[in-house]
1. Checking V207 against (1) over 27 Å from K124 (Cα atoms); (2) assigned to a helix (DSSP H, G or I); (3) modelled with pLDDT under 70, which single condition isn't satisfied?
2. Quick one: which residue in I409, I399 is at pLDDT 90 or above and over 23 Å from S538 (Cα atoms)?
3. In the list I46, I75, which residue meets the criterion of being more than 28 Å from Q317 (Cβ to Cβ) and modelled with pLDDT of 85 or more?
4. Being surrounded by fewer than 17 Cβ atoms within 10 Å (Cβ to Cβ) and more than 27 Å from the chain's Cα centre (by Cα) is the requirement here; does S480 meet it?
5. What are the residues in segment 323-373 that are in a loop (DSSP other than H, G, I, E, B) and in contact with a His (Cβ under 8 Å, 6 or more places away or on another chain), if any?
6. Go through segment 519-533 residue by residue and tally those that are touching a strand residue (DSSP E or B) at 6+ places or on another chain (Cβ under 9 Å) and among the hydroxyl-bearing types (S, T, Y).
7. So, in segment 378-408, exactly how many residues are within 30 Å of the chain's Cα centre (by Cα) and at negative phi?
8. Any residue that is touching a helix residue (DSSP H, G or I) at 6+ places or on another chain (Cβ under 7 Å), touching a residue at least 60 places away in the same chain (Cβ under 8 Å) and not aliphatic (A, V, I, L, M) - is there at least one of those in segment 397-406?
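The values are calculated or read from the model by the stated rules, or taken from the named source; none is laboratory data. Here the structure is a predicted model, which means the values were calculated and not measured. As a convention, Cβ positions derive from the backbone with ideal geometry for all residues, glycine included, and neighbour counts pool all protein chains shown.
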Amino acid sequence: MKKQSNLSRLLGYAGRYRYLVYASWILSVLSALIALVPYWYIWRLIQEVLSIAPYFEAAQGLTHSGWMAVLFAVIAILVYIAGLMCSHMGAFRIATNLRLATIKHIVTLPLGAVEAFGSGRLRKIIHESSGATETYLAHQLPDRAGAIATPCGLLFLLFVFDWRLGLLSLAPVLLGFLIMMAMTGPRMQQKMKEYQNALEDMSNEAVEYVRGIPVVKTFGQTIFSFKKFKGSIDRYQKWVIAYTKELRTPMMLYTAAINGVFAFLIAGALLFTRNGVTADFLLNLLFYIIITPIISITLTKIMFQSENAMIVDDALQRIDSVLQLKPLEAFHSLEHPKDGTIELSHITFSYDGKTDVLKDISLAIPAGQTVAFVGPSGGGKTTLANLIARFFDPQMGCIRVGGINVRDIPKEELMNTVSFVFQNSRLIKASILENVRMGKPGATREEVLAALENAQCTDILEKLPQGMDTVIGTKGIYLSGGEQQRIAIARVMLKNTPIVILDEATAFADPDNEAKVQAAFSRLSQGKTVIMIAHRLSTVVNADRIYVLEDGRIVESGTSQELLEQEGLFRRMWENYQTSVQWKVAKEA
């Protein structure tokens, strides 16, 4: 099957605006050809000046030729502007539809896949990659049409007066074209891909670094936290310097070639006038000296168009990397989850299809119970919780929520059944009312206020100038990590789902906020199935059941008392935890 060209793909997003794109090409060609007409009148003007010199008072057509040159130059500009208006309208529509198609596809993807992609990388693809297509369609394609038309008109003008000077004018063009092909070949396309990869990596690391600043401050990780971000900057710097040095020589030769047309013309003029200078030859030489700069401009346009075509090709490949991600399969059942029970049967999961993160896990959580997942880092605790919320689908096994396979529950209904409180809950730049109301868009102010009170947020509202109508992130109004957690808990309370997953939700809260967050959790957990993921073991001692995960397997389960009575991983973790909380900073004598 023949691969669809990038241009055909882009025009597929244009709809009826594709005709504006076509019109822009036609207008650009007309503008390029009309722009050559003033040179014809300039030639006539020089011809008359040479024919009547030194009796310039005898001139009859100088004014007419001058004004006609100006008129056609203005017409060419107006036609070009009309072409740009058409191309921009079409390009904006295509870029908008491309962004919408990408975002609509992202909405269908599992949340885990989106998170794994990286927010910085994803944002760069949505905005900058689609933006690259806008530049290509709005400017490069019309200019390419004009750049193709200009040499056709130039060939006529170059050979109609003096074919010898015309050939000399084309010699540097051929040389420059050969050098340009060497710079813009397949190797250049690979280099452009490497360049975009370096930019994307730097963007992603910058976003992740900024988001991780609270953690950096909490644990005092300075140079270590900056290492990955700095590494991406260093790699970009090293690549750019090496690439610039590599292109330095060919770019110098190209610039010298396309601007060396005067050297060829002067050498030819000296050769052709060995037996004397005629008025006709001088007229033609002056005309060629005036018109040949168009050649270098046209060649430079073609070179940058080749570069932009490679940028667009790379941009579409990056957009495809998102569009090719497969949405979660949906087999919607007519039944609905009847309660908050959770059943996992022989679950095996791998992120890369090679290494199993979870291995043959089976467990059952009755409705209304509070359970905890604990264990060493990398044991699979968060991954297991993500599978219950269907951030991913397991390669093997079955997950049931309320007696229904999660694959058969529509995504919207599953999100209304399972709520998540992450360790780094994020709020949007909006009022607290709007942030909480995201859990239940149709909620009244009274319902939102009740949720905030139950989430222990009263002290937050009291210190803000407009209470829950205060917009976060403006005029210096910001909330601490613990305060943001409580707002996020209020959102979950308002949503009122039968299942709640708490993923290290108090990890970075200060003691005062932690006490309030724990009180909010107590209110939130009433009558619900709660899954807690924690490293701080004191937060899970009252759980109805604790599952200890290590290397993707459940190695122990039971109440905290039962687990402490037997020799095992939980007991060792508890002893280590008790030792750590007794640590004190020694004072210098």
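1. Every listed condition holds for V207 apart from (1).
2. Numbers: I409 fails: at pLDDT 90 or above.
None of the others qualify; the one that does is I399.
3. Numbers: I46 fails: modelled with pLDDT of 85 or more.
Every option except I75 fails the conditions.
4. Working: surrounded by fewer than 17 Cβ atoms within 10 Å (Cβ to Cβ): yes; more than 27 Å from the chain's Cα centre (by Cα): yes.
Yes, satisfied.
5. Applying the first criterion (in a loop (DSSP other than H, G, I, E, B)) to segment 323-373 yields 324-341, 351-355, 366-369.
Matches in segment 323-373: L325, P327.
6. So the first thing to find is which residues in segment 519-533 are touching a strand residue (DSSP E or B) at 6+ places or on another chain (Cβ under 9 Å), and the list is 521, 524-525, 528-533.
Applying the additional criterion that residues be among the hydroxyl-bearing types (S, T, Y) yields 525, 529.
Qualifying residue count for the region: 2.
7. First pass over segment 378-408, keeping only residues within 30 Å of the chain's Cα centre (by Cα): 378, 380-395, 407.
Then keep just the ones that are at negative phi; that gives 381-389, 391-395, 407.
The total comes to 15.
8. Scanning segment 397-406 turns up no residue that is touching a helix residue (DSSP H, G or I) at 6+ places or on another chain (Cβ under 7 Å), touching a residue at least 60 places away in the same chain (Cβ under 8 Å) and not aliphatic (A, V, I, L, M).
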